[in-house]
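Just below is one structure, and these are the notes that go with it.
The values are calculated or read from the model by the stated rules, or taken from the named source; none is laboratory data. What you see is a predicted model; the values in this text were computed from it and never measured. Every residue, glycine among them, receives a Cβ derived from its backbone with ideal geometry; neighbour counts consider all protein chains shown. For the accessible areas, the whole protein counts, side chains as well, though only heavy atoms, and no ligand, DNA or RNA atoms are used. Shrake-Rupley method; radii C 1.70, N 1.55, O 1.52, S 1.80 Å.
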Amino acid sequence: MTTPSIPHLDIESLAHFDKVAAAGATSMNGWRVQSVDLTSRTPVLLKLSPVGSVFLGCDLEETAAAWIRDGGGLIFPAIPELPFDPYRGCLYTADDLYAGLSSGYEATPDAQVYAWSRQHDEKGDTSRTLAAALHDHSIADALHELPGSRPWIGVMGGHGIARTSPTYRSAVLLGRTLARAGLTVATGGGPGAMEAANLGSSLSSYDDAAVDAALEALAEVPSFKPSVAAWASTGLAVRRDFPGDGGVSIPTWFYGHEPPNVFASAIAKYFSNALREDVLLSRARGGIIYLPGAAGTVQEIFQAVTPNYYGDPATQIPMILVGVDHWTVDLPVWPLVTALAGDRPMASSLHLVDTIEEAAKLVSP
């Protein structure tokens with residue numbers, strides 16, 4: 001005889017908790033309550049059976065905490081002195097990561113979290129590993145809660161591409177084309193080609209004149225060097241002038257020298273670069289487009305090559321490399337991936353093109 005599964009319920013706000021509790025619940029079995037201040041809800045909690053419940057980083061009175069622990073619930077306490085919430089219930093926005101930017105980039109949560117991670121890496125502090133793992137688990141959970149009706153198309157490319165570059169403009173147009181085709185643009189979240197693709201997605205409802213106006217404004221600060229604050233501030237101003245759905249970005253604090261771009265509407269920022277790369281691959285089932293890049297982009301190419309190499313026809317992810325000269329002469333990745341493909345199913349998933357128009361046609365529905 002099998003035990004019936006208990007429905008899983010995520011509760012991430014006090015209002016949601018009150019709504020569920022008021023609906024006549026008698027048990028919290030299957031509830032996962034995340035980062036909610038419940039200090040004023042002790043009388044309500046004491047009326048609910050706690051068996052099978054999980055409380056992550058919640059504020060609880062001791063009476064309620066004892067009731068939950070003694071009754072079979074689990075309590076993961078808040079971790080003090082962290083510049084982030086390890087039990088975060090939602091993805092980041094640019095406004096979250098760049099709060100306080102007027103005082104300089106160093107004052108923002110993004111910079112402070114990176115500084116914390118570097119400090120604890122140098123100490124070999126195991127508490128850092130635990131806090132970072134809990135955070136990344138929460139981000140992965142929040143990412144799975146995003147609506148999944150639109151196929152994801154990954155766009156990868158160099159972070160060093162300036163906003164004034166023709167390649168940057170091409171990436172903007174690519175992002176716009178993909179979004180107009182009903183696809184979700186997903187990038188690695190950094191500057192350069194990744195920023196351009198997210199920007200293009202946010203401009204999907206705008207004409208070419210708006211694209212030109214946005215690029216003209218961004219050209220005032222073409223790179224995040226030497227000033228991340230100036231670069232991000234200019235981007236935020238353009239985002240205010242041209243609001244839209246910028247798709248998803250998945251950056252990492254592992255590459256702390258690459259600040260996150262502000263145009264993605266949902267930002268899943270991880271500590272673990274390996275986990276972040278796996279998430280991009282697993283979600284971008286509609287295909288991945290690789291614009292010209294260097295070591296990071298090459299790594300991303302071969303990270304997708306491996307599952308395609310060992311996969312069958314049903315598991316293939318289309319891989320489109322843009323820039324014939326770049327991928328055959330400057331960085332001769334194409335000859336190697338095609339040699340690996342041979343007569344395997346992977347051969348049909350590889351494409352080398354020279355224009356974004358060709359790339360978009362290969363992934364558009």
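For segment 86-109, give me each residue that is hydrophobic (A, V, I, L, M, F, W, C) and closer than 13 Å to His135 by Cβ.
Cys90, Leu91
Here are the criteria: (1) open to solvent by 40 Å² or more (accessible area, probe 1.4 Å); (2) closer than 23 Å to Asp278 by Cα; (3) at pLDDT below 95. Tell me which single one Ile317 does not satisfy.
(1)
Out of segment 16-31, which residues are in contact with a helix residue (DSSP H, G or I) (Cβ under 9 Å, 6 or more places away or on another chain) and open to solvent by less than 40 Å² (accessible area, probe 1.4 Å)?
Phe17, Ala21, Met28, Trp31, listed by residue number.
Can you tell me which of Ala347, Ala339, Ala266, Ala314 is within 25 Å of the chain's Cα centre (by Cα) and either within 21 Å of Arg180 (Cα to Cα) or not charged (D, E, K, R) (or both)?
The match here is Ala266.
All but one of (1) free of Cβ contacts under 8 Å to residues at least 40 places away in the same chain; (2) surrounded by fewer than 23 Cβ atoms within 10 Å (Cβ to Cβ) hold for Ala304; state the number of the condition that does not hold.
Just one mismatch for Ala304, condition (2).
List pairs: first in segment 19-42 and farther than 15 Å from Val54 by Cα, second not aliphatic (A, V, I, L, M), Cβ under 6 Å, 6+ apart or cross-chain?
Between residues of segment 19-42 that are farther than 15 Å from Val54 by Cα and residues that are not aliphatic (A, V, I, L, M), the close pairs are Thr39/Asp59; Thr39/Glu61; Thr42/Glu61; Thr42/Thr63.
Of all residues in segment 58-68, which are over 22 Å from Pro7 (Cβ atoms) and either open to solvent by less than 40 Å² (accessible area, probe 1.4 Å) or within 34 Å of the chain's Cα centre (by Cα) (or both)?
Residues satisfying the conditions are Asp59, Leu60, Ala64, Ala65, Ala66.
Regarding Trp334, is this residue touching a helix residue (DSSP H, G or I) at 6+ places or on another chain (Cβ under 7 Å) and either at positive phi or open to solvent by 40 Å² or more (accessible area, probe 1.4 Å) (or both)?
yes
Restricting to segment 153-175, give me the number of residues that are open to solvent by 20 Å² or more (accessible area, probe 1.4 Å) and in contact with a strand residue (DSSP E or B) (Cβ under 9 Å, 6 or more places away or on another chain).
Residues that pass the stated criteria total 1.
Quickly run through segment 149-169 and pick out the residues that are at pLDDT 95 or above and of a type in the set (Ser, Thr, Tyr).
Selection gives Thr164, Ser165, Tyr168.
Only one residue in Ile79, Ile75 is open to solvent by 40 Å² or more (accessible area, probe 1.4 Å), assigned to a loop (DSSP other than H, G, I, E, B) and among the β-branched types (Val, Ile, Thr). Which one?
Just a single option satisfies the conditions, and that option is Ile79.
Considering only residues that are over 23 Å from Arg88 (Cα atoms) and assigned to a loop (DSSP other than H, G, I, E, B), look in segment 135-152 and name the one that is least open to solvent (accessible area, probe 1.4 Å).
The selected residue is Pro151.
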